[in-house]
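First up is the structure itself, then whatever we jot down about it.
The values are calculated or read from the model by the stated rules, or taken from the named source; none is laboratory data. Note that the structure is a prediction, hence the values are computed from the model and not measured. Heads up, the Cβs are rebuilt from the backbone with ideal geometry, glycines too, and the neighbour counts pull from every protein chain shown. Each accessible area value is taken on the protein alone, full model and side chains, heavy atoms only, with ligands, DNA and RNA left out. Shrake-Rupley method; radii C 1.70, N 1.55, O 1.52, S 1.80 Å.
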Amino acid sequence: MAGRHLISLMSAWQDGSIEEKILAVRQRLHTTVYAQCFSPCGKYLVTANNFGFLAVFRESFTQTEVNCLKFVHNENGSQLLGGCGDHQVHMWDVESGSHVGTLEGHTNYIHDLAVRGNSNECISASEDGTVRIWDLRSRGQAQHVMQPNQHNLCVRPQYGKFITCVAVDKSDNLMVCGGGPRLCLWHLRQLAPTAQFDTPQATANTAMFLEDSVISAGTEPFVHHWSLNGDQRAKVPCTPSTVYSLATNKILSVAGNSHKIDICTNFRYKAFSMLVC
Amino acid sequence: MGFYHEESEAADRDADKDLALNHQAAGELKKVIDEIHSLKSSKSKQADIDELRIHGTLQFLTMRKLNRLAHFRCKSVRDSTSDAKLKIDQHHLKLQNLLYEAMYLEKEITKCLEFKSKDEEINLVSLEEFHRDAPESISRPSVTKDDPHQLTLARLEFELEQRKRQALCETHKPTEEKKNVLAAEIKTKKEYLESLKPKLQTILQATKPVQEYLGMPFDEVREQHMVASYLPRPLYVLYMQATAYRDACDQHVSACILGDIDVAKSLEGVSQHLDVDDDESDQEDSEKPDQKRRRRDSTKDPLTVKRQKLLTKHPLTVDLTVHCKDGSSLHLSFAYLIYLEIVTVTVRVDPSSEAVKDGISTGDLCSPESLLKCLYPEDLGTETPRASNKYALQKLGMGEFSQYVAELGRPYLWVQWLCGMQVLSVCDDQPTGTPQLSLSEIHMEGTIKRLRQRMKHRLSLHRQLSSLGLSLGRTEWLSLIRTAMRSFLLRLIHVWRHGNDQRARISWRASPFTQELIGQGIGREQDLFFNGTIVNKSAKLDFFCVLPPNYPTVVPLFAIHLIWSSRKGIANADHVRDMAAEVNIHFSELARPRHSEEVLTNQIRRLLMCFDVYLESEFDLESSLGHSEIPKEKTFARTALGPNRAKPFKYNSHLGYFSQR
C-alpha cells in the first residue's frame, strides 16, 4: 500500500497534469517524518513520513496503528514488542511471526517503549499519563505504575499528562520520560524522579541516553543535550519545528515535521540536511 | 654395360653382312655335321671328330651371337615405328579441330548475312532529297559522307523528325478551333456581366430604405470589411478569424473595428514612404529596419519624440466582445504597435446587472491587470514577446516594457497567436511580415473558451468571497458538511476593493509564519492575496490565502497561524500545520464533484470546521482538569493519534464523525 502511494507520487511528477504536480508540491510542504531506523550494518537509514512509508508490521499483525517497535532477545527467544493504538503492547515471535501475547492495562494509546538491560522487563509510556513496567515472562498486570503528573518535579497541568517518550540507560538504574509533564530522570529502584530537564515552551517527543548524557527533542526546533544532574549542556538548532525522532550511529540524525532530515556529525551542530522526497 | 655394348654393336653392324655371316656359319655347321656323320660311319679317329666338333661349336656360338643382335635390331625398329604413329595421331586431331572451327565460322557468317533489319521496311527519302532537305544538325555531312552506317542513322532520324511534325500539324487545327469558340464564349459572358452591374447598383439603391427600415447591417458589414483592408496585417488576421469563428461556431462573440479610418489611410501612405527611406539606407548598411529607423530618428528628432514614436499604436483597433451566459461580457481591445511589431490587448469587464449590484466591476479580482494573467501557463503579459524589442527599448534608455503596459495594453503570447504571429520568446525574428492564418485558426476556439472560463471563474470567485462576508451558511454549497459551526469568520479583507491585494501581499511577505512558504517559492507576482481571521472565544486563527491566477485549476493555498490569548505558547505548531494540510491537500473531499467554482468556499468552510475540532479536542483532553471554555459538540472516536498526537480533522460525512487521517 505504501509502495503504491509512493509510485503514484512519482508518476505524478513524471507525467501528471499540473494539478497533480501542485498537489505533490503541497504534500511536500506538509510532510512529517514519524520514524527512522538504522540498519545493523550502519549503511542504511530508513525513514517514514505521513504520506509514503508505513510500518511493515501494520497490515499483517494489528488492526491499529503501531507507534513504537522494540526488539527483545531473552531466554524465550527473540521477540518484537509493539506499542499500539489499542492501548496494548503486542508481542510477536520473530522466528515464526506469530502473535504471542499482549500487555494490557493502559487506558489510552502507547506512545513509546523501552527495554531494560536484563531483557525481561519493558517500560511503556502512554497517552493516559502513566509509565508502566512489565515483566515479559509473566505477562500479567504491570509490575509498577508511575504517574509523572503526580510528582511536583514533573507536573505541568497546562500541557496535559500524556507521556510521549521513555528511555533506559545501560546500567539499568536510570530512566528518562516526559511529554506533557516535564522530561525527568527517574531512579528505577526508588521509582521516583531525581532530576528535571525543563523546556518551558515545549513538550518532549523523544529522548535517549548517550554515554553520560541525555539527548531530547520536542515541539521546538532544538535538540537538547543534558547532563544527568539536570544541567543543560547544549541546545542545538535544527530544521524541523517539531522533532519526532532522533537516531544515532556515530552521527546523530534528527527527523520531524519537515521534508529535510538533519545530520549532526559532531552532535553539537547541524552539519547538513537530507531531503526526504 | 655388356647390354649397352651389344645394343650399340647391333646398330653399328650391317644387317646384311650379318645375314651372310649367318648363312656361312649355318653352311659350315652343316658341313661339319655331315663330316662328323661320315667320320662316325667310317669309324675314324676320335681326334678328328673332336676337332670337327670344336669347329662346329664355334660356328654355333657365332650363330648365337648373330641371333642376339638380330633381336636387338628388331626391338629398336619397333620403337621407332610406334613413335612415328603417335606423331601422326596428334596431327590428325589438330586437323579435326581446325576443320570444326572453320565450319562454325562459316555458319555464323551465313547467319549474319541472312539478318533482316527493321529499317529496311521503312521508306526513306532518296539520298539526294535527304542531302538537300535535311538540316545540318541531322545530316552531319562530315561524318555521313564516308560512313554508310552513320548515313542511314541520320536518314532515319530525319524521317522521325518529319513524322513528328506531321502529327503536331494534325492536332493543331482542332485546338485552334476550340480556342476560338472559347474566346467567343468569354466575350459574350463578359458583356452579360457588364450589363448586370448597373442593374445591381440600381437594385442596391432601391433596397437601401428597406435595409434601414429593417435594421439589417449588410452595408455596415461591407463598410467594416472595407475598413478591414486598412488594418495592419496581424489585426486583419485576427479580425478575419474572429468573424469567421463568430459566423461558424459562436453567436456570442462579436468583433468590430474602431478608430480613425482617415488617419489609417494617411498612415498607410506614410509608412510606405518610410519604407522607401529604409530602402535607401539599406544600401548604406544592412541592419534590421527597427534599428535603422531609430538611428535615423535619433539624428533628426529629440529623444522624447523618438521614444513616443517607438510606442506608436496603429490608429485602428479590433474590439472583440465575448458574452457570457449570465449577461456579463468581456471586452478585449487589440492594438498593434507599429514599430515594435507586437499586438497588445486591453480588457474591460461589463458585469451583468446582478454583478453590478454586488460591486464586482471595481474589484481587484476583475481588474484589467490581473484578469487575463496566466490564461496559458506562465503567460503574464508584462514582457514583450519579441526579443528584439528589448534591445530597441534599451537603446533608447526606456527600461523594461512592463513600465508601459498600463498605457499600451498587455502583449500576451496568446494575443500574438490569435493574430497569427508565431513569436519565439528566445530566438526571435521569424519573418514578421507574414502572419499565418492557420496559427490563428488553431488558437481561436481554445482561447475564446479559456476567456469565457476565466471570466466565469472570476465572477464565481467574487460571489463566493462576497457571500463569505455575509453568511457562510448558504446551504446549497454545504450539503456535504452537516455539522454546526461554532467558529465564525470575523473579518475577511475584501479583496475586491482596490489596493487590498497589495496590502495583503505586503503583510504576506512580512508575516513570520509565511516565511517557510516564501522560501519554497510560493506566492509569486501573478498571484492574488487576501487574508482573514477566524475566531472562537479567545482563540483566533489568522490566515493568508494565495489565490493563483488560474483558479480553480490551481487551488488556493492557505497559510494559517493560531493566536490563543488564554493559552499562550501552548499550541502545538504541528496541529496548525495539519489544519493547513487539510485545506491545501485534501480540498477535494467534502466537495461536490464537478463544482470546481465552490473550491474556495469549501476550503474556508473546512478551515472553520478544523478549527472547531482543534479547539474542542484540545479542551476535551483537559476536561479532566476541570475547566472547559469550549464544550465538546462534535463526535470523534479518538482525540489523539500517533507520535504527533494528531487531531481528528477528517470528517466522515456519511456517519457524521471525525477521525484522524
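Data for the structure
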| item | result |
| --- | --- |
| Residues that are within 13 Å of residue A:253 (Cα to Cα), open to solvent by less than 20 Å² (accessible area, probe 1.4 Å) and either in contact (Cβ under 8 Å) with a residue 40 or more places away in the chain or within 14 Å of another protein chain (Cβ to nearest Cβ) (or both), drawn from the stretch A:222-237 | A:223 |
| Top-ranked residue of the stretch B:423-449 - restricted to ones that are open to solvent by 70 Å² or more (accessible area, probe 1.4 Å), within 28 Å of residue B:330 (Cβ to Cβ) and assigned to a loop (DSSP other than H, G, I, E, B), ranked as modelled with the highest pLDDT | B:436 |
| Wholly within the stretch A:65-141, strands (runs of 3 or more DSSP E) carrying at least 2 residues that are within 14 Å of another protein chain (Cβ to nearest Cβ) and either touching a Ser or Thr at 6+ places or on another chain (Cβ under 8 Å) or under 21 Å from residue A:180 (Cβ atoms) (or both) | A:66-74, A:77-84, A:110-115, A:121-126 |
| Subset of the stretch B:136-172 [modelled with pLDDT of 80 or more, surrounded by 10 or more Cβ atoms within 10 Å (Cβ to Cβ) and in a loop (DSSP other than H, G, I, E, B)] | B:147 |
| Check on residue A:194, touching a strand residue (DSSP E or B) at 6+ places or on another chain (Cβ under 8 Å) and either within 14 Å of chain B (Cβ to nearest Cβ) or in a loop (DSSP other than H, G, I, E, B) (or both) | no |
| Selected residue (criterion: most open to solvent (accessible area, probe 1.4 Å)) from residues of the stretch B:114-135 that are under 20 Å from residue B:163 (Cβ atoms) and among the acidic types (Asp, Glu) | B:121 |
| Residue within the stretch A:238-246 that is farther than 23 Å from residue A:113 by Cα, surrounded by fewer than 21 Cβ atoms within 10 Å (Cβ to Cβ) and out of contact with any Leu (no Cβ under 7 Å at 6 or more places or on another chain) present | yes |
| Residue B:80 vs. criteria at pLDDT below 90 and open to solvent by less than 100 Å² (accessible area, probe 1.4 Å) | no |
| Filter result for residue A:172 (at positive phi and either in the same structural domain as residue A:207 (by TED's automatic domain parsing) or part of a loop (DSSP other than H, G, I, E, B) (or both)) | yes |
| Members of the stretch A:164-181 found to be of a type in the set (Ser, Thr, Tyr) and modelled with pLDDT of 90 or more, listed by number | A:164 |
| Cross-chain or 6+ apart pairs with Cβ under 9 Å, the stretch B:7-29 first and more than 21 Å from residue B:57 (Cα to Cα), then surrounded by fewer than 15 Cβ atoms within 10 Å (Cβ to Cβ) and among the polar types (S, T, N, Q) | B:7/B:76; B:10/B:76; B:11/B:76 |
| Strands (runs of 3 or more DSSP E) fully within the stretch B:246-365 counting 3 or more residues that are modelled with pLDDT under 60 | none |
| Output for the stretch A:242-260, where each listed residue is part of a strand (DSSP E or B), of a type outside the set (Ser, Thr, Tyr) and within 25 Å of residue A:177 (Cβ to Cβ) | A:243, A:246, A:247, A:252, A:254, A:255, A:256 |
| Within the stretch B:629-648, tally of residues that are away from every other protein chain (no Cβ under 12 Å) and hydrophobic (A, V, I, L, M, F, W, C) | 2 |
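Yes/no matrix, rows are residues, columns are (1) in the same structural domain as residue A:174 (by TED's automatic domain parsing); (2) outside any loop (DSSP other than H, G, I, E, B); (3) of a type in the set (Lys, Arg):
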{"position": "A:209", "(1), (2), (3)": "yes, yes, no"}
{"position": "A:216", "(1), (2), (3)": "yes, yes, no"}
{"position": "A:221", "(1), (2), (3)": "yes, yes, no"}
{"position": "A:224", "(1), (2), (3)": "yes, yes, no"}
{"position": "A:233", "(1), (2), (3)": "yes, yes, yes"}
{"position": "A:236", "(1), (2), (3)": "yes, yes, no"}
{"position": "A:240", "(1), (2), (3)": "yes, no, no"}
